1. Looking at 289, 259 in this structure, which one is surrounded by 23 or more Cβ atoms within 10 Å (Cβ to Cβ) and at pLDDT below 80?
2. One residue is enough: does the stretch 224-233 have a residue meeting the conditions within 18 Å of residue 122 (Cα to Cα) and touching a Gly at 6+ places or on another chain (Cβ under 7 Å)?
3. Here is a list: 153, 121. Which entry is in the same structural domain as residue 206 (by TED's automatic domain parsing), more than 13 Å from residue 218 (Cα to Cα), under 21 Å from the mean Cα position of the chain (by Cα) and surrounded by 13 or more Cβ atoms within 10 Å (Cβ to Cβ)?
4. Only one residue in 39, 106, 97 is within 19 Å of the chain's Cα centre (by Cα) and under 25 Å from residue 299 (Cβ atoms), so which one is that?
5. Select from the stretch 21-43 the residues that are farther than 12 Å from residue 309 by Cα and touching a residue at least 60 places away in the same chain (Cβ under 8 Å) and write down the one among them that is surrounded by the most Cβ atoms within 10 Å (Cβ to Cβ).
6. Among the numbered conditions (1) under 15 Å from residue 17 (Cβ atoms); (2) modelled with pLDDT under 80, tell me where residue 329 comes up short.
7. Of everything in the stretch 162-191, what is within 14 Å of residue 100 (Cα to Cα) and hydroxyl-bearing (Ser, Thr, Tyr)? Give them in sequence order.
8. When the residues of the stretch 283-322 are filtered to those that are in contact with a Ser or Thr (Cβ under 6 Å, 6 or more places away or on another chain) and part of a helix (DSSP H, G or I), which remaining residue is farthest from residue 208 (Cα to Cα)?
Amino acid sequence: MSLSSFLLKRLLLSIFVIFGLSIFIFVIARVIPGDPVRFSLGARAPEEVVQRLRQEMHLDDPLWEQYYYWVRGVFSGDFGFSLDTHREISKDIKEYFPATMEMAIFSFVLMVVFSTLLGTFTAQHKDTGVDNLIRILSYFGIAIPAFVAAIFFVLLFGYYWTVLPVFGRLSPGIIPPAKITGLLTLDSLIQGNYVVLWDAFKHLILPSVALSLAYLFQEARITRSSMVDNMHKEFIYAERGYGIPERVIMFKYLLKPSLIPTVSMMGLDFSHLFANAFLVELIFNWPGLSRYGTNAMMSKDLNVIPAVVIILGILLVVINITVDIIVAFLDPRIRLSTSQGI
């Protein structure tokens, strides 16, 4: 089986996963107790108005018919309208998704850079006092949930040491740049608006650090462990025998194969960033898709709940396939095994 055939098989299986996920979340959203139409219109809304909206949403039809109408709309790019915002869900997603994506990308960059540096540093100083101290700190970092770190940052930087903003994407009075991608840092950079760029960057720091902290320490531990194991491989001894400097061995020959398990975890953790962003966005008042989905769950917004979950599910599939490609590039043995059908 070639690598392309392997990836095609993964893609086809992922389609069935997304289909099953859509059925599951659609049914769950419908069986939750409560009347979403009455909740949306209010207790004083006339009964005929309530019934009209129920008919428009096909809520009186059998569940399989409701799912049919919903899927038909999804394939045409129409997720319906939100009972909470009273707008088309597709427009809400276009508005809120870039904010979550920007925070997730920034968190991922922090995670990749500092976990690699920290893991490499501790591997170089294996079993020293510095290594033991960082390992102890990593236990605390992994154990602290993202929302707990977010609350701590809000208390510290919002009330005691106000050097960084803690709420929103921009400071009051800052005019956002014209929308190109929806990512404020990228849009302001493209347009040369460095005032907005710096302000948006400062707003990204705390939520991104809170979101990536546990994953950063976890991947640093994996990188360290993998590098320590590979230090005793024969090819490393051979390179030392040729007199290659230790720094070259560490960063050119040892780091690349040691990153293979870390890259696999990074891909999974990148998708987990979106899942853990729900509470972080609420705490930092970040106007992203995760907070939009949380508000939908609290208000029983039937159309928004499956739409958000499906978007995140598709994102997870894309990330996993991308990780497979990267790992195959890093490890020639994987390319060889797929080409030989192993």
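The values are calculated or read from the model by the stated rules, or taken from the named source; none is laboratory data. Here the structure is a predicted model, which is why all the values come from computation and not from measurement. Don't worry about glycine lacking a Cβ; one is built from the backbone with ideal geometry, like all the others, and counts go over all protein chains shown.
1. The match here is 259.
2. Yes.
3. Checking each option against the conditions leaves just 153.
4. Sole residue among the options that is within 19 Å of the chain's Cα centre (by Cα) and under 25 Å from residue 299 (Cβ atoms): 97.
5. Of the stretch 21-43, the ones farther than 12 Å from residue 309 by Cα are 27, 30-43.
Next cut, touching a residue at least 60 places away in the same chain (Cβ under 8 Å) only: 30, 32, 34, 36, 39-40.
On the way: 30: 17, 32: 11, 34: 9, 36: 23, 39: 14, 40: 18.
Here the answer is 36.
6. The failed condition is (1).
7. 181, 185
8. 304
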